[in-house]
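Chemist: Before anything else, here's the structure in question.
The values are calculated or read from the model by the stated rules, or taken from the named source; none is laboratory data. Small disclaimer: the values here were computed from a predicted structure and weren't measured. A quick note on method: Cβ atoms are made from the backbone with ideal geometry, for glycine too, and the neighbour counts reach across all protein chains shown. For the accessible areas, the whole protein counts, side chains as well, though only heavy atoms, and no ligand, DNA or RNA atoms are used. Shrake-Rupley method; radii C 1.70, N 1.55, O 1.52, S 1.80 Å.
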Amino acid sequence: LKKSSGKTITFLTGLALLNTETLKIQTHVELFKVTFKQLSDNQILSYLNKEDVLNCAGSFKSEGLGIALFSNMKGNDPSSLIGLPTIQLIKMLAKENFHILWIFYMCCNLCQQYIHINSHQFHLTVTD
């Protein structure tokens, strides 16, 4: 955080989607820029004492208190900072004729679909 203080950092998050039926692979790299405020040592220590971020890229959680460290954010998909660029993923799934809103509707209302997403991997399993 000290090295990032007052600087603009560009984060790159890679995404690959494999259609296991057609073996078609889609890939994408999502860019997201974060400009950090000028941070004092006390501000950095205070933040590190409040949020467990040592296993996070950049040592911050933009979805938590880390947002207070920034003066500006620029990019298409802020979820890429958390680890999964969901806006791009939904576009890629749509190219495979897999429409996420329809699937969630089916999952929630008819209990015919199953989707599992965790923080380290994206597994998408559709079953009847």
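Chemist: Being on the phi > 0 side of the Ramachandran plot and either touching a strand residue (DSSP E or B) at 6+ places or on another chain (Cβ under 8 Å) or open to solvent by 80 Å² or more (accessible area, probe 1.4 Å) (or both) is the filter here; which residues of the stretch 32-64 pass it? Lay out the reasoning, then the answer.
Modeler: Residues of the stretch 32-64 on the phi > 0 side of the Ramachandran plot: 58-59.
If the condition is that a residue be on the phi > 0 side of the Ramachandran plot and either touching a strand residue (DSSP E or B) at 6+ places or on another chain (Cβ under 8 Å) or open to solvent by 80 Å² or more (accessible area, probe 1.4 Å) (or both), then Gly58 is the only one that fits.
Chemist: I've got another one for you. Six or more apart or on different chains, Cβ under 9 Å: which pairs go from a residue in the stretch 41-61 that's within 12 Å of Ser5 (Cβ to Cβ) and at pLDDT 80 or above to one that's open to solvent by 80 Å² or more (accessible area, probe 1.4 Å) and not basic (Lys, Arg)? Could you list them?
Modeler: Hits for this filter: Tyr47/Leu65; Phe60/Ile67.
Results for (1) open to solvent by 70 Å² or more (accessible area, probe 1.4 Å); (2) not in a helix (DSSP H, G or I), shown as yes or no for each residue.
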site: Asn72; (1), (2): yes, yes
site: Lys91; (1), (2): yes, no
site: Ala94; (1), (2): no, no
site: Phe98; (1), (2): no, yes
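Chemist: Let me ask something additional. Out of everything in the stretch 14-53 that is touching a Phe, Trp or Tyr at 6+ places or on another chain (Cβ under 7 Å) and assigned to a strand (DSSP E or B), what residue ends up being nearest to Ala68 (Cα to Cα)?
Modeler: The first filter runs over the stretch 14-53 and keeps only residues touching a Phe, Trp or Tyr at 6+ places or on another chain (Cβ under 7 Å), leaving 32, 34-37, 53.
Restricting the remaining residues to those that are assigned to a strand (DSSP E or B) gives 32, 34-36.
Working: Phe32: 17, Val34: 12, Thr35: 11, Phe36: 9 Å.
Ranking the candidates gives Phe36 first.
Chemist: Quick check on this structure: which one of Ile103, Ile67 is open to solvent by less than 90 Å² (accessible area, probe 1.4 Å) and at pLDDT 80 or above? Break it down stepwise before answering.
Modeler: Values: Ile103 fails: at pLDDT 80 or above.
Testing whether each residue is open to solvent by less than 90 Å² (accessible area, probe 1.4 Å) and at pLDDT 80 or above leaves just Ile67.
Chemist: Looking at the stretch 1-25, I want the residues that are under 19 Å from Leu54 (Cβ atoms) and have a partner that is surrounded by 11 or more Cβ atoms within 10 Å (Cβ to Cβ) and of a type outside the set (A, V, I, L, M) with Cβ atoms under 6 Å, at least 6 apart or on another chain. Which pairs are those?
Modeler: Hits for this filter: Leu1/Ser59; Ser4/Phe36; Ser5/Phe36; Phe11/Phe32.
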